[in-house]
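The block underneath contains the structure these notes are about, expressed in structure tokens.
Every number here is computed from the coordinates shown, using simple stated rules; none is lab data. All of these numbers come straight from a predicted model, not from anything done at the bench. A quick note on method: Cβ atoms are made from the backbone with ideal geometry, for glycine too, and the neighbour counts reach across all protein chains shown.
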Amino acid sequence: MSVTIGIAGITGKFARELTSILLKNPHVAIKGYCRDPSKVPQSFTSKVSLVKGDAYDEPAIRSFVAGCDVVVCCYLGDPKLMEDGQKLLIDACAAEGVPRYVASDWSIDYTKLKLGQLFPKDPMIRVKAYLDAQDKVKGVHILVGMFIDGFFGAHFNVYDAATTTFKYWGTGDEIWEGTTYRNAAEYTAAICLDKDAVGILKLVGGQSTFNEIVALFERVYGVKPKVDRQGSLDDLFKLMNEKREKDPKNIFSYLFLFFQYYMIEGTTDIGPELDNDRYPQVKPVSWEDYLRMVPKDQLPTAITKVGQNV
Ligand SMILES: NC(=O)c1ccc[n+]([C@@H]2O[C@H](COP(=O)([O-])OP(=O)(O)OC[C@H]3O[C@@H](n4cnc5c(N)ncnc54)[C@H](OP(=O)(O)O)[C@@H]3O)[C@@H](O)[C@H]2O)c1
């Protein structure tokens, strides 16, 4: 049995991890779609059938999805790309008879959000509705929580490596659901090969509270971090909305505050029931496993290494 898997946005971090895992399977053929083939890792180029095109090039997209058993979208970009770019891929899948489409999600459970609540997820809500209305193409939505690799990065503003300080909102007892990029790619590879996997799939590496993550940090690295409470969840909600109202164009002044809020506020929790057991061949990587894998001094930059060693 041979399976052809199409990966749109094959140059991205997640796509590189996914491709490298799938290439180990001799029964898998991979088609990749990207706008700049020179960014595709050398190790892939002889093994992947590449189609060059931008996200709105309909003939190129049709030729990319043709013959695929499943198409995985790994785009990450502006709202137009995430909505219109994905709809074009879905339309092409319908036209070419591709039975499954894995949406570019890998997220907290955005399906419980209303439009406008966590604005970067609005395109995903619309794309899910678009897929739900299809009769030929079945949508696959993979929920993993946050990518653990990003938690310790400076942009996320939870961990300050220079002073070994963790900053948090709320009580510290809210649960952070997280999965590493690599682990999410392992689950996604298993889903690509499981033709019965459709709809929402919940695959989470670890569920730990902020206080537990801090305790794990101390246990694993033997260093007691400082902990700095920023305020309540209501304070965070107020601050993120104030920043957005004051300077809406300066998205990065409030984007990660929105993500922090919805990560722990409860609405978008994925668990407690997960689908991990459906794929026993994949070992979930917990917060503790991650900390044991990554040296302390590499935590802040670990996300920049994702997809580089493939
Ligand atoms: N849960 C989390 O914490 C979390 C965090 C990050 C990402 N994610 C999700 O993971 C998925 C992949 O993210 P990633 O981190 O791998 O993203 P990434 O490394 O930034 O890769 C994004 C991909 O999208 C392509 N792309 C961007 N703009 C494009 C455009 N206008 N036209 C065509 N292609 C375009 C890029 O192509 P070029 O190389 O040509 O730019 C690249 O292949 C997304 O679904 C994202 O929502 C989840």
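Whole-percent P(r), segment 108-222, all Cα pairs, 5 Å bins from 0: 2, 10, 15, 19, 19, 14, 9, 7, 3, 1, 0. Under 17 Å from a label point 7 Å along Cα→Cβ of His155: give me every residue in segment 226-250 with its amide N that close. Only 250 pass the distance filter.
Please give every one of the aspartates and glutamates within straight-line cross-link reach of Lys246, meaning a C-alpha to C-alpha distance under 19 Å, and leave out same-chain neighbours fewer than 8 residues apart. Once the sequence-local aspartates and glutamates are set aside, what remains near Lys246 is Asp234, Asp235. Using only side-chain charges placed at the Cβ, +1 for Lys and Arg and -1 for Asp and Glu, the dipole size of the chain relative to its Cα centre rounds to 740 debye.
Would you mind counting up the charge near Tyr261? Only other residues with Cβ under 11 Å from its Cβ, with Lys and Arg at +1 and Asp and Glu at -1.
Net local charge, Tyr261 excluded: -3.
Taken one residue at a time, the phi angles of segment 74-91 give Karplus couplings (6.51, -1.76, 1.60, θ = phi - 60°) of 10, 5, 9, x, 5, x, 5, 4, 5, 9, 5, x, 6, 4, 5, 5, 5, 4 Hz. Gly and Pro are set to x. Note on the chain: Cα convex hull, mean projected area over all directions, 15.8 nm². For the listed peptides 98-105, 216-223, a ranking on the average number of other beta carbons within 10 Å per residue, highest first, reads 98-105, 216-223.
Taking amide hydrogens as placed 1.01 Å from N in the peptide plane, the amide H of Val72 sits under 5 Å from those of Gly6, Ile7, Ala8, Val102, each at least 5 positions away in sequence or on another chain. Using a cut-off of under 15 Å, list every residue of segment 270-294 whose amide N is near the label point 7 Å from the Cα of Thr111 along the Cα-to-beta-carbon line. Residues 270-276 qualify, since their backbone N sits under 15 Å from the label point.
Each peptide in 201-213, 174-186, 272-284, 149-161 gets a packing score, the mean of other Cβ atoms within 10 Å over its residues, and the list from highest to lowest is 174-186, 201-213, 149-161, 272-284. Starting from the Cα gyration tensor of segment 233-310, take the square roots of the eigenvalues, sort them a ≥ b ≥ c, and report rounded, prolate or oblate (rounded when a/c is under 1.5, otherwise prolate if a/b is larger than b/c, else oblate). Oblate, since a/c reaches 1.5 and b/c is not below a/b. Over the C-alpha atoms of segment 53-176, the Rg to Rh ratio, Rh being the Kirkwood estimate, stands at 1.08. For Val227, the amide hydrogen comes within under 5 Å of the amide hydrogens of Phe166, counting only partners 5 or more places away or on other chains and with H modelled in the peptide plane. Segment 83-136 and segment 200-268 have Cα centres lying 26 Å from one another. For segment 186-286, the percent of C-alpha pairs falling in each 10 Å distance bin, counted from 0 to the bin holding the largest distance, reads 12, 29, 30, 24, 6. Cross-link check: pairs Lys52/Lys114; Lys80/Lys283; Lys31/Lys138 evaluated at a Cα-Cα cut-off of 29 Å; pairs beyond the cut-off: Lys52/Lys114; Lys80/Lys283. Which listed residue (Phe44, Cys34, Val65) has the Cα farthest towards the positive end of the charge dipole for segment 27-69, taking +1 on Lys and Arg C-beta and -1 on Asp and Glu C-beta about the Cα centre? So the residue furthest toward the plus end is Phe44. With a threshold of 28 Å on the Cα-Cα distance, the over-threshold entries among Lys167/Lys238; Lys24/Lys305; Lys128/Lys167 are Lys128/Lys167.
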